[in-house]
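Chemist: After the structure tokens below, expect a handful of questions from me.
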Amino acid sequence: MSDSAHAAEAHTETAHAVHRHPAPTGFIAKYVFSVDHKVIGKQYWFLALFASFMGMALSLWFRWHLAYPEQGLLTPEGYLAILTMHGTIMVFMVLTTAPQGGFGNYALPIQIGAEDMAFPRLNMLSFWLTLLSLIILLAAFFVGYDAKNWVPGPGSGWTGYAPLSVVEKAQAGKSGAWPQTMWVLSIAVFCLASLIASINFIVTTLDLRCKGMTLMRMPLTVWAWFVTAIISLLAFGVLLAGGLLLLLDRHLGTSFFVPGNLFIDNRVVTEHTGGSPLLWQHLFWFFGHPEVYIAILPGMGLASHLLANFARKPIFGYAAMVYAIFAIALLGFFVWGHHMFQSGMHPMTAVVFSVLTMIIGVPSAIKTFNWLGTLWNSKIRFDSPMLYALGFVSLFVTGGLGGIFLGQNAADVYFHDTYFVVGHFHMIMGVAAIFGIFAGSVYWFPKMFGRMMNERMSQIHFFATFIGVYLIFVPMHFVGLDGHPRRYAGFEFAFLKTPEMIAWHKVMTHGAIMTAVAQLVLLVNIFYSLFNGPKAPANPWEATSLEWGIPSPPPHDNFAGVIPVVNHGPYEYSVPGAPRDFIMQTDAPDILRHSSSQTAHIPVPTNTSASEKFPTLPPESSSDAGGSSGAAGGGSAPSDSGSTHA
Amino acid sequence: MALLFVLLFAAVILWSVVPIILDPNTILPETISVHGHLIDKQVVDTLWITGVILIVAHLGLMYTIWKSTKRDKAEYLEGNNRLEITWTVLTGILFVALNLLGQPVWAKMHLEAKPKDAIHIDVIAKQFSWMFHYPGPDGKRGARAANRINDATGNSLGLDEADEESWDDVVSTSLVVPVDTDIVVHITSRDVLHALACPALRIKQDAVPGLSVPIPFRVVLNQQDWQKFISLGGSEATEWLMKYDAEHFQKKDATKEESAPAAK
């Protein structure tokens, strides 16, 4: 039966079954051009893994150069090119891709009780466009190859500020126009991929929730992915428009971003007039600041999820956490101007942006308070996902505090374009978000691949990475406090040539090397565990959300054709009177009543019998996706087995 | 493991705070501008507040983690609305108030009328150096145009030699200003974006082609160090040497001979 025929027939049965597609049989359909959200999630995850190592290698390259500039490892032009490629790869291909495309794709449909994303083929298209975008970006390394004076990439930074990104001759070196053009093309394709994906996430969340999965019963991970998708939808469209205008400026003689009377390469630039460099900055940062939240919100959602899971407590202030996510998303669209305090825009505008920026610190603070509230009077289990979650909280606090300086237009007079900015955004949207990715990787690895990761290696990786990143990025704040400007390839200036400055740069570089070595431990752990890790039980973490009620790895359609019914919130841990310290979302609504007399009768399903664990709904009732609160489908209470803590 | 985390977070506090306490001179190099002291106050106030938050947050983490080891079972606690409202309101007040405290210095730099008797100097960025265009005794800077720029002949600003106002102008690759005098630098670029960074003056401003951004400042000295590197040029530029020696400034004719090839 064809997909469409199958879908048409299924549509008559349930809303969920519309998205049911037959399990693929061939290798290509199963692992390459797959429409299964789980496979696509893994594809995104592997893509981000590859990109993260590439980005990290680039950072080691220029960090070594910064510690030992006398070795001449990079020319100034080469330094800027490597810096640009590092930033672009990390921001787009890692921080945007892994948390949302990777884990969101894999876990969101299962966590809301859906069999797949709303638009599986669009989902596949999103991934392949992302891969295309990565290939185009990597091509920027080589398209300007010149044996005598190779500049490996564009030199305009990940922000692509005009006119440097428009006027070809403004960039030093012999790379010509192509590296920058490839960069813009890559960004444009990435925007398309993200726009398509965001629509898919939004529709899936709103439309495909199973019976009983009311909005306020969704795990905070789902809230984070959902809101991130909304942000993506609104932000990437603007960047796409900006990118296309930039392409027109570069190649078709328009002048959106380039003013007249520039003098470049020993001549007056007559091809452009009337444009505004600040227009590009407004368009870019209208995307660029929400992008920070695109990178970090999924990590925040996951940190909340894991703190509750491993502290064995309900998340403190679930509703406040949801509102805080929305507040961050909303305010996130009104603060882009804090990247432009010193750009030359009207200074009164800076005052407004500054006050709004300080206000956005409030929901971020609420989340931190609530994380501490969750840990309060808890019984922590230090499994590896929890290590990363705790690390995330520390990094989020430390990194976030830098924003209190930079969000103030007055203080930014000193800090603008210094290493303080670099330290701040690396700590918060780089490292904290990557710790969210680490946490998601070790948490869902058993579900994704059916095998457990090695705990000892995870512990070593966590401690080495945590110490390493603090060694890198706290000193960056210090040298920034001392006025060290960013984007310089060396220490050409007298006040930078102090022993303290040079020593701090060496500390940062050695911290980076330590961090990089730690990532090799992670890599070994991943590939060793993929093939040799112990078989994962269905619910190794004794968690409550829906993905832990199905086998590891899940069957093709997640629930073996039986849509679950949700009866509980996502964080019912240590409930007084409960038969065990967690109540799964699919447990029977009367589990507490049962527990008083029938504690011994909690069903213990096996890892391979998902269809037996979930109560079966008649089609007409399951079509009411995300139906009324507390709807109970009846049936037996599903539970779980194979706990590592049993 | 709990002990490891307690030690780890203690190390975070020490690593983030102790270097600043041990050697406060490593932060905020001495400022020599009037508004610089106001900016420093804002930075130091923020440093105190964020330092306390960092310490308290990590102590909170350490305490809850350690206390967790003493419990047999977690407490079922879903939240506390009163607490949520309290810390939301207090955090909001703290952050906004801190921000508002910084607005007077911003207004002084950007929003208030520029001092009447100030010396106005154009600062022009180019790849890869800075140029400073002084008015001569007539107090006026001559016209410039891109189509007159000729680096080979030394007219890097495109000064109009026919314009009488340019005849006494001084063009330099270094900035020399008198102390205790109001100065307004008008920052622009002739090619791409650059960032003017003067840590000791507490001036930071992007140089944007097509845009001239005025920044006022006044140098005050409290030391006898008469010659000092205080700043850098743009993203690729040469150093901007500032000698805050009023007497030297008066001898600008000498400077003119050295570095104002376009002036007649």
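Chemist: Within segment A:153-177, restricting attention to residues that are touching a Ser or Thr at 6+ places or on another chain (Cβ under 8 Å) and over 20 Å from B:Lys126 (Cα atoms), which residue is nearest to the other protein chains (Cβ to nearest Cβ)?
Modeler: Ranking the candidates gives A:Trp158 first.
Chemist: Return the residues of segment B:68-92 that are more than 7 Å from chain A (Cβ to nearest Cβ) and either basic (Lys, Arg) or assigned to a helix (DSSP H, G or I) (or both); say none if nothing qualifies.
Modeler: B:Lys70, B:Asn81, B:Arg82, B:Leu83, B:Ile85, B:Thr86, B:Val89, B:Leu90
Chemist: Return only the number of the condition from (1) under 23 Å from the mean Cα position of the chain (by Cα); (2) assigned to a helix (DSSP H, G or I); (3) charged (D, E, K, R) that A:Arg209 does not satisfy.
Modeler: Unmet for A:Arg209, out of (1) under 23 Å from the mean Cα position of the chain (by Cα); (2) assigned to a helix (DSSP H, G or I); (3) charged (D, E, K, R): (2).
Chemist: Let me ask another. Of the conditions (1) at pLDDT 95 or above; (2) crowded, with 16+ Cβ neighbours inside 10 Å; (3) not aromatic (Phe, Trp, Tyr), B:Leu59 satisfies every one except a single condition; which number is it?
Modeler: Just one mismatch for B:Leu59, condition (2).
Chemist: Also: Can you pull out every residue in segment A:492-512 that is under 24 Å from B:Phe128 (Cα atoms) and either among the basic types (Lys, Arg) or at pLDDT 90 or above (or both)?
Modeler: Listed by number, the list holds a single entry, A:Lys497.
Chemist: Which of the following residues is touching a strand residue (DSSP E or B) at 6+ places or on another chain (Cβ under 7 Å), part of a helix (DSSP H, G or I) and more than 7 Å from every other protein chain (Cβ to nearest Cβ): B:His35, B:His120?
Modeler: It is B:His35.
Chemist: Name the one entry in A:Val143, A:Val91, A:Val151, A:Val166 that is outside any loop (DSSP other than H, G, I, E, B), of a type outside the set (D, E, K, R) and either in contact (Cβ under 8 Å) with a residue 60 or more places away in the chain or in the same structural domain as A:Leu215 (by TED's automatic domain parsing) (or both).
Modeler: Going through A:Val143, A:Val91, A:Val151, A:Val166 in turn, the sole match is A:Val91.
Chemist: Condition (residue is assigned to a helix (DSSP H, G or I) and in contact with a Lys or Arg (Cβ under 6 Å, 6 or more places away or on another chain)) applied to segment A:72-86: is it met by at least one residue?
Modeler: no
Chemist: Inspect segment B:178-198 for any residue being facing chain A (nearest Cβ under 7 Å), under 20 Å from A:Leu496 (Cβ atoms) and buried (at least 17 other Cβ atoms within 10 Å of the Cβ) and give the result as yes or no.
Modeler: Scanning segment B:178-198, I find at least one residue that is facing chain A (nearest Cβ under 7 Å), under 20 Å from A:Leu496 (Cβ atoms) and buried (at least 17 other Cβ atoms within 10 Å of the Cβ), so the answer is yes.
Chemist: Sticking with this structure for a sec: Identify the residue in segment A:351-372 that is more than 7 Å from chain B (Cβ to nearest Cβ) and without any contact (Cβ under 8 Å) to a residue 60 or more places away in the chain and, among all such residues, is nearest to B:Val89 (Cα to Cα).
Modeler: Per the criteria, the residue is A:Pro363.
Chemist: Tell me whether segment A:403-412 contains one or more residues that are of a type in the set (Val, Ile, Thr) and crowded, with 22+ Cβ neighbours inside 10 Å.
Modeler: yes
Chemist: Limited to segment B:55-84, what total is found for residues that are without any contact (Cβ under 8 Å) to a residue 40 or more places away in the chain and within 37 Å of the chain's Cα centre (by Cα)?
Modeler: Here the count works out to 3.
Chemist: With respect to A:Tyr318, is the statement that it is over 30 Å from A:Phe190 (Cα atoms), of a type in the set (Phe, Trp, Tyr) and within 11 Å of chain B (Cβ to nearest Cβ) true?
Modeler: yes
Chemist: Go through segment B:205-214 and count every residue that is within 7 Å of chain A (Cβ to nearest Cβ) and surrounded by 24 or more Cβ atoms within 10 Å (Cβ to Cβ).
Modeler: Selection size over segment B:205-214: 4.
Chemist: Among the candidates B:Val177, B:Val185, which residue alone is under 25 Å from A:Ala411 (Cα atoms), assigned to a loop (DSSP other than H, G, I, E, B) and at pLDDT 80 or above?
Modeler: Answer to the check: B:Val177.
Chemist: Restricting attention to segment B:48-60, which residues are facing chain A (nearest Cβ under 8 Å) and of a type outside the set (Ser, Thr, Tyr)?
Modeler: If the condition is that a residue be facing chain A (nearest Cβ under 8 Å) and of a type outside the set (Ser, Thr, Tyr), then B:Ile49, B:Ile53, B:Leu54, B:Ala57, B:His58, B:Gly60 are the ones that fit.
Chemist: Return the pairs, sorted by first residue and then second, in which the second residue is of a type in the set (Lys, Arg) and part of a helix (DSSP H, G or I), the first residue lies in segment A:458-473 and is closer than 19 Å to A:Val422 by Cβ, the beta carbons are less than 6 Å apart, and the residues are 6+ apart or on different chains.
Modeler: Filtered contacts from segment A:458-473: no entries.
Chemist: Are any residues in segment A:436-494 of a type in the set (A, V, I, L, M) and outside any helix (DSSP H, G or I), and if so, which ones?
Modeler: Within segment A:436-494, A:Met452, A:Met453, A:Ala489 meet the criteria.
Chemist: Follow-up. Please specify each residue of segment B:1-12 satisfying the condition of being within 10 Å of another protein chain (Cβ to nearest Cβ) and assigned to a helix (DSSP H, G or I).
Modeler: Within segment B:1-12, B:Ala2, B:Leu4, B:Phe5, B:Leu8, B:Phe9, B:Ala11, B:Val12 qualify.
Chemist: Just the residues that are in contact (Cβ under 8 Å) with a residue 60 or more places away in the chain and not in a helix (DSSP H, G or I), please, taken from segment A:104-140.
Modeler: A:Ile112, A:Gly113, A:Ala114, A:Glu115, A:Asp116, A:Met117, A:Ala118, A:Phe119
Chemist: Does at least one position in segment B:101-116 carry a residue that is facing chain A (nearest Cβ under 10 Å), in a helix (DSSP H, G or I) and more than 30 Å from B:Gly139 (Cβ to Cβ)?
Modeler: Checked against the condition, which is being facing chain A (nearest Cβ under 10 Å), in a helix (DSSP H, G or I) and more than 30 Å from B:Gly139 (Cβ to Cβ), segment B:101-116 yields at least one hit.
Chemist: If you go through segment A:374-423, how many residues are of a type outside the set (S, T, N, Q), assigned to a helix (DSSP H, G or I) and more than 7 Å from every other protein chain (Cβ to nearest Cβ)?
Modeler: 21
Chemist: Within segment A:275-288, is even one residue more than 27 Å from the chain's Cα centre (by Cα) and polar (S, T, N, Q)?
Modeler: For segment A:275-288, residues more than 27 Å from the chain's Cα centre (by Cα) and polar (S, T, N, Q): present.
Chemist: Restricting attention to segment B:10-52, and to residues there that are of a type in the set (Asp, Glu) and within 26 Å of B:Asn99 (Cβ to Cβ), which single residue is surrounded by the most Cβ atoms within 10 Å (Cβ to Cβ)?
Modeler: Ranking the candidates gives B:Asp40 first.
Chemist: Right, here's the next one. Here are some residues: B:Thr91, B:Thr86, B:Thr69. Which one is crowded, with 16+ Cβ neighbours inside 10 Å, more than 30 Å from A:Val268 (Cα to Cα) and of a type in the set (Ser, Thr, Tyr)?
Modeler: B:Thr91
Chemist: Here's a follow-up. One residue is enough: does segment A:419-428 have a residue meeting the conditions aromatic (Phe, Trp, Tyr), more than 20 Å from the chain's Cα centre (by Cα), farther than 19 Å from A:Thr221 by Cβ and in the same structural domain as A:Gln43 (by TED's automatic domain parsing)?
Modeler: yes
Chemist: If you don't mind, there's one more thing I want to ask. Take the conditions without any contact (Cβ under 8 Å) to a residue 40 or more places away in the chain, over 21 Å from A:Phe466 (Cβ atoms), of a type in the set (Val, Ile, Thr) and in the same structural domain as B:Pro104 (by TED's automatic domain parsing) and apply them to B:Ile27. Does it pass?
Modeler: Criteria met by B:Ile27.
Chemist: Among the listed residues A:His484, A:His505, A:His477, A:His568, which satisfies the condition of being within 14 Å of chain B (Cβ to nearest Cβ) and under 30 Å from A:Ile112 (Cα atoms)?
Modeler: A:His568
Chemist: Hey, could you check segment A:506-543 for residues that are assigned to a loop (DSSP other than H, G, I, E, B) and under 23 Å from the mean Cα position of the chain (by Cα) and say which is nearest to A:Met584 (Cα to Cα)?
Modeler: A:Ala543
The values are calculated or read from the model by the stated rules, or taken from the named source; none is laboratory data. It should be emphasised that the depicted structure is a prediction, and the values quoted were computed from it without experimental measurement. Here Cβ is always computed from backbone atoms with ideal geometry, including for glycine, and neighbour counts include all displayed protein chains.
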